[in-house]
Amino acid sequence: MTLTTRYDIVIVGAGPVGCCVAALLAAEGVVPPTRIALLDRRPPPESRADDSIDLRVFALARGTEKVLLRAGAWPAVGARRLSPYERMIVWHASVPPRSADALTFAADECGEPNLGHIVENRVLQWALYRAACDAGVVFHAGSLRSLGFDRQGVAVATDDARLCARLVVGADGGRSQVRTLADLGVSTADYSQRAIVAVVTSARAHERTAWQRFLGDGTLALLPLADGRSSIVWSVPIERADRLMALAPQEFARELTQDSDDVLGSLTLASDRAVFDLGKQLADDYVRERVALVGDAAHVVHPLAGQGVNLGVLDAAALVQVLQDATREGEDIGAMRILRRYERWRRSEAQLVSAAMDGFNRFLARGHGPIAALAQRALPIVGRSALSKRLLVERALGASGELPRAAR
Ligand SMILES: Cc1cc2nc3c(=O)[nH]c(=O)nc-3n(C[C@H](O)[C@H](O)[C@H](O)COP(=O)(O)OP(=O)(O)OC[C@H]3O[C@@H](n4cnc5c(N)ncnc54)[C@H](O)[C@@H]3O)c2cc1C
């Protein structure tokens, strides 16, 4: 027998963004927490102090940190191997990293204690999930099978349950079933690249610096971890990624050290390697009556500037704010004219970030030809312009654009 339970809001997907929507809705008191359901196949894995480092790490911007604080999750994130980074150095393969031709951002130059934090996916997801559940949000284990709409609401069906609500939030990632079942179109493009992630040790200290090199055929990021090691995100063409994955650890590390321009000396593999296909996706519409998409369900961007989760967390904060204002005005939170406010706000931001990532990838990371040469020459010029640097730092800190209240 299928059990029917009634909620105000059902969130499909307990990834970092879905958990953030749940925790923030509860913290802001938009609806009573017990009227919010979080649906995923299984709860996120528990994060324990003695876990080995998760291969997936995120560079979280200041705006994201503020939202997590507001959602009640930041103390738990901070208790686990939080790694602040104080500098960011970006350089092209045609110039040396420790030179005036590299683009350097330093926290102390802009009066900030740091530029952001490197946080493990498992830590982030668990902290947000706990904050939501501790506040009273109800977790349901199950996989979304169908959505049914009528004038009053939406019915979310799994194999053995039916959850009725006024609004369903699709936080179910790049292959969103909510998006498909709600008939929301999506534009996709393939980068023909894969990203390899792993943990490495280095001969020289990482200096609490996030290093990023544009390689000519991709990008390599070295993100500083709290224990002195670094996490790599190495985005290269598919054939090269497959070859690198097949190499023995020592040969892999040798090629990695070469691609890093020896910036931290010799690198040694300290973990397994994982690989991700890279593609771009932008949902044509983020909303329809009784449905809103957030995070990767709405947009997948190239990871070269580590913007994915940051964008998703700001989606969460913007949606919660729109819903909060609607409930204060006594409006229906699933009504199209309410949800359109969220879509207008966030879709343009995701388009902007996606286009910027495309440009970096085309002209700096992989570029050849006159426009690429121009872009590469422009990098040091940007580095010498205080205004351009300020604008870029504000974006990296997540302090630019129209920020939701929770991110200010
Ligand atoms: C190599 C790489 C490096 C990256 N580095 C960064 C970085 O440094 N900084 C950054 O901000 N971003 C980064 N990103 C992007 C980031 O990983 C994503 O933006 C982020 O994981 C999206 O979170 P999400 O919660 O929207 O989706 P997901 O994390 O994909 O979560 C979706 C959830 O939905 C659930 N789900 C799916 N379908 C169903 C269903 N039918 N029923 C029930 N549940 C379902 C899944 O089980 C999952 O738990 C990186 C991405 C890659 C590939």
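Is there a residue in segment 181-193 that is hydroxyl-bearing (Ser, Thr, Tyr), within 10 Å of the ligand (Cβ to nearest atom) and under 21 Å from Val301 (Cβ atoms)?
No, that holds for no residue.
Within segment 169-185, is even one residue charged (D, E, K, R) and in a strand (DSSP E or B)?
no
May I ask you to say which residue of Val90, Val137 is in contact with a helix residue (DSSP H, G or I) (Cβ under 6 Å, 6 or more places away or on another chain) and of a type in the set (Val, Ile, Thr)? Full working, then the answer.
Details: Val90 fails: in contact with a helix residue (DSSP H, G or I) (Cβ under 6 Å, 6 or more places away or on another chain).
The conditions single out Val137.
Against the definition (in contact with an Asp or Glu (Cβ under 7 Å, 6 or more places away or on another chain), closer than 30 Å to Ile9 by Cβ and among the polar types (S, T, N, Q)), how does Asn114 come out, yes or no? Let's see the steps before the verdict.
Values: in contact with an Asp or Glu (Cβ under 7 Å, 6 or more places away or on another chain): yes; closer than 30 Å to Ile9 by Cβ: no; among the polar types (S, T, N, Q): yes.
No.
Quick check on segment 274-287: of everything there that is more than 9 Å from the ligand (Cβ to nearest atom) and out of contact with any Phe, Trp or Tyr (no Cβ under 9 Å at 6 or more places or on another chain), which residue is farthest from Arg243 (Cα to Cα)? Reasoning before the result, please.
At the first step, the residues of segment 274-287 found to be more than 9 Å from the ligand (Cβ to nearest atom) are 279-287.
Adding the requirement that they be out of contact with any Phe, Trp or Tyr (no Cβ under 9 Å at 6 or more places or on another chain) leaves 281-285.
Details: Gln281: 26, Leu282: 30, Ala283: 33, Asp284: 35, Asp285: 38 Å.
Among those residues, the one meeting the criterion is Asp285.
Looking at this structure, is Ser202 in the same structural domain as Ala22 (by TED's automatic domain parsing), hydroxyl-bearing (Ser, Thr, Tyr) and either farther than 21 Å from Asp358 by Cβ or surrounded by 22 or more Cβ atoms within 10 Å (Cβ to Cβ) (or both)?
no
Which condition from (1) surrounded by fewer than 20 Cβ atoms within 10 Å (Cβ to Cβ); (2) out of contact with any strand residue (DSSP E or B) (no Cβ under 7 Å at 6 or more places or on another chain); (3) at pLDDT below 95; (4) not charged (D, E, K, R) is the one that Ala305 breaks?
(1)
Taking Cys19 and the conditions (1) surrounded by fewer than 23 Cβ atoms within 10 Å (Cβ to Cβ); (2) within 9 Å of the ligand (Cβ to nearest atom); (3) under 14 Å from Asp134 (Cβ atoms), which numbered condition does it fall short on, given that it satisfies the others?
Here Cys19 clears every test but (1).
Which of the residues that make up segment 288-318 are near the ligand (Cβ under 8 Å from one of its atoms) and over 28 Å from Val236 (Cα atoms)?
Result: no residue meets the conditions.
Counting only residues that are out of contact with any Gly (no Cβ under 8 Å at 6 or more places or on another chain) and aliphatic (A, V, I, L, M), which one in segment 299-308 is nearest to Leu25 (Cα to Cα)?
Among them, the one singled out is Ala305.
Could you grab me the full set of residues in segment 194-204 that are within 9 Å of the ligand (Cβ to nearest atom) and in contact with a helix residue (DSSP H, G or I) (Cβ under 8 Å, 6 or more places away or on another chain)?
Selection gives Arg194, Ala195, Ile196.
Got a number for residues in segment 222-258 being within 16 Å of the ligand (Cβ to nearest atom), free of Cβ contacts under 8 Å to residues at least 60 places away in the same chain and not in a strand (DSSP E or B)?
Qualifying residue count for the region: 7.
Does any residue of segment 60-78 turn out to be more than 18 Å from Val313 (Cβ to Cβ) and crowded, with 18+ Cβ neighbours inside 10 Å? Break it down stepwise before answering.
Step one: list which residues in segment 60-78 are more than 18 Å from Val313 (Cβ to Cβ), which gives none.
Scanning segment 60-78, I find no residue that is more than 18 Å from Val313 (Cβ to Cβ) and crowded, with 18+ Cβ neighbours inside 10 Å, so the answer is no.
May I ask you to list the residues in segment 135-165 that are surrounded by fewer than 20 Cβ atoms within 10 Å (Cβ to Cβ) and part of a loop (DSSP other than H, G, I, E, B)?
Gly136, Gly142, Ser143, Arg145, Asp150, Arg151, Gln152, Thr158, Asp159, Asp160
Check segment 345-359 and report whether any residue there is within 18 Å of the chain's Cα centre (by Cα), over 29 Å from Trp74 (Cα atoms), among the hydrophobic types (A, V, I, L, M, F, W, C) and away from the ligand (no atom under 16 Å from the Cβ).
Yes: one or more hits.
If you check Val30, Val10, which single one turns out to be within 11 Å of the ligand (Cβ to nearest atom), more than 19 Å from the chain's Cα centre (by Cα), at pLDDT 95 or above and buried (at least 24 other Cβ atoms within 10 Å of the Cβ)?
Only one candidate qualifies: Val10.
Could you give me the residue pairs with C-beta distances under 8 Å whose first residue belongs to segment 307-336 and is closer than 15 Å to Phe58 by Cα, whose second residue is polar (S, T, N, Q) wherever it lies, and which are 6+ apart or on separate chains?
Val309/Thr64; Asn310/Thr64; Val313/Thr64; Leu314/Thr64
Could you tell me which residue of segment 33-67 is farthest from Val119 (Cα to Cα), considering only residues that are of a type in the set (Gly, Ala, Ser) and within 13 Å of the ligand (Cβ to nearest atom)? Can you show your working first?
Of segment 33-67, the ones of a type in the set (Gly, Ala, Ser) are 37, 47, 49, 52, 59, 61, 63.
Filter once more, so that each one left must be within 13 Å of the ligand (Cβ to nearest atom): 37, 59, 61, 63.
On the way: Ala37: 26, Ala59: 7, Ala61: 11, Gly63: 14 Å.
Out of the qualifying residues, it is Ala37.
Which condition does Val309 not pass, out of (1) under 18 Å from the mean Cα position of the chain (by Cα); (2) farther than 29 Å from Val199 by Cα, if it passes all the others?
If we test Val309 against (1) under 18 Å from the mean Cα position of the chain (by Cα); (2) farther than 29 Å from Val199 by Cα, just (2) comes out false.
Within segment 144-152, does at least one residue satisfy the condition of being under 24 Å from the mean Cα position of the chain (by Cα) and either within 11 Å of the ligand (Cβ to nearest atom) or modelled with pLDDT of 95 or more (or both)?
Going through segment 144-152, the residues under 24 Å from the mean Cα position of the chain (by Cα) turn out to be 144.
With the extra rule that they be either within 11 Å of the ligand (Cβ to nearest atom) or modelled with pLDDT of 95 or more (or both), the set shrinks to 144.
Within segment 144-152, one or more residues are under 24 Å from the mean Cα position of the chain (by Cα) and either within 11 Å of the ligand (Cβ to nearest atom) or modelled with pLDDT of 95 or more (or both).
The values are calculated or read from the model by the stated rules, or taken from the named source; none is laboratory data. Given the structure is predicted, the values throughout are model-derived calculations rather than measurements. Cβ sites come from the backbone with ideal geometry, for glycine too, and all protein chains shown count toward neighbours.
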